[in-house]
1. Applying the selection to the stretch 17-39, what residues are within 16 Å of Asp128 (Cα to Cα), more than 8 Å from the ligand (Cβ to nearest atom) and of a type in the set (Val, Ile, Thr)?
2. Being open to solvent by 80 Å² or more (accessible area, probe 1.4 Å) and charged (D, E, K, R), is that true of even one residue in the stretch 182-192?
3. Taking into account only those residues within the stretch 123-165 that are in a loop (DSSP other than H, G, I, E, B) and of a type in the set (A, V, I, L, M), which is farthest from Ala77 (Cα to Cα)?
4. Applying the selection to the stretch 62-117, what residues are touching a residue at least 60 places away in the same chain (Cβ under 8 Å), under 16 Å from the mean Cα position of the chain (by Cα) and assigned to a strand (DSSP E or B)?
5. Name the residue, out of Gly47, Gly70, Gly28, that is touching a helix residue (DSSP H, G or I) at 6+ places or on another chain (Cβ under 9 Å) and open to solvent by less than 70 Å² (accessible area, probe 1.4 Å).
6. Tell me which helices (runs of 4 or more DSSP H) are completely within the stretch 175-260 and hold 1 or more residues being within 11 Å of the ligand (Cβ to nearest atom), or say none if there are none.
7. Report yes if Glu89 is touching a strand residue (DSSP E or B) at 6+ places or on another chain (Cβ under 9 Å) and away from the ligand (no atom under 13 Å from the Cβ), otherwise no.
8. Answer yes or no: is there a residue in the stretch 166-176 that is open to solvent by 70 Å² or more (accessible area, probe 1.4 Å), over 20 Å from the mean Cα position of the chain (by Cα) and of a type outside the set (A, V, I, L, M).
Amino acid sequence: DTRKKDFHEAPNELSTIRHVIAVVSGKGGVGKSLVTGLMAVAMSRKGKHTGILDADITGPSIPKMFGTKGEVRGNQAGAYPVRTADGIEVVSMNLLLENSTDPVVWRGPIISGVVKQFWHDFIWEDIDYLFVDMPPGTGDVPLTVMQSIKLDGIIIVTSPQELVSMIVEKAVKMAEGMKVPILGLVENMSYFECPDCGKRHEIFGHSHIEEIAKSYGLDVLARIPIEPQLAAKCDAGQIETVADTHMQDAVQKLLDREEK
Ligand code: ADP
């Protein structure tokens with residue numbers, strides 16, 4: 001189906017983006033943005049020039065997590081992402097709102113229009129890996145975004161409270177329709193490790209992520225524990241100071257793929 005391919009919006013003439021990876025979830029609040037942020041931090045620590053396109057227009061949380069503020073600069077050729085302390089390039093609705101706590105209440109078509117602008121009107125200079133924090137869910141809005149941006153792969157974030165197999169099935173179908181490979185699953189809030197005794201507690205019950213992944217022939221890229229310090233660092237805009245992103249193996253797998 002070549003029609004779908006033609007749908008893809010071209011990036012800015014001055015952009016160089018080598019790999020584009022979308023992070024999707026079944027619904028909001030499972031940690032999709034956190035996983036996007038941690039992936040980007042881990043990738044950047046591998047020496048790759050990394051960007052985050054925050055396509056979660058109605059719930060943009062990337063800038064807060066990184067403590068990035070500041071104006072988006074631009075010229076006739078396009079606008080420039082805002083750089084985090086460690087040099088990750090970020091574009092987010094949050095950086096464009098006059099008042100960052102203003103709610104964004106737009107409908108799907110407007111949202112996908114904005115995402116297209118983030119893709120095309122911004123100059124993504126020399127980016128090795130661009131992570132796209134997708135709008136939550138597997139409905140119309142993420143689908144339209146997927147049609148406009150040419151993706152190299154999708155990462156699915158789930159949590160043990162969800163009907164994971166259903167979400168995975170929907171995401172798999174969406175990815176197949178778009179002919180984009182699924183790079184793997186990330187289970188967030190997998191367990192809690194007691195800081196006193198080190199014992200792992202599976203708060204939301206025993207995880208089935210490995211079985212589900214296996215039944216779809218997918219990889220589990222990471223299992224991230226519930227970590228109050230992690231949430232605290234994100235709230236304080238200090239995600240780049242986390243010692244363990246839990247994503248070292250996951251980003252290594254992406255880099256290994258690149259070599260193949
Ligand atoms: P989503 O993007 O899926 O809506 P977020 O990444 O914004 O979800 O996460 C929702 C909230 O849960 C945030 O406040 C985040 O800091 C917190 N959170 C997510 N994952 C974890 C975790 N593993 N440990 C502690 N807090 C977490």
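The values are calculated or read from the model by the stated rules, or taken from the named source; none is laboratory data. Remember, predicted model here, so these are calculated numbers, not experimental data. Using ideal geometry, Cβ is built from the backbone for each residue, glycine included, and neighbour counts are taken over all protein chains shown. Ligands, DNA and RNA are excluded from the accessible area calculation, which covers all protein heavy atoms including side chains. Shrake-Rupley method; radii C 1.70, N 1.55, O 1.52, S 1.80 Å.
1. Scanning the stretch 17-39 gives Ile17, Val20, Ile21.
2. no
3. For the stretch 123-165, the residue satisfying everything is Leu163.
4. none
5. Working: Gly47 fails: touching a helix residue (DSSP H, G or I) at 6+ places or on another chain (Cβ under 9 Å); Gly28 fails: touching a helix residue (DSSP H, G or I) at 6+ places or on another chain (Cβ under 9 Å).
After ruling out the rest, the residue left standing is Gly70.
6. 228-235
7. In short, yes.
8. The answer is no, given that none of the residues of the stretch 166-176 is open to solvent by 70 Å² or more (accessible area, probe 1.4 Å), over 20 Å from the mean Cα position of the chain (by Cα) and of a type outside the set (A, V, I, L, M).
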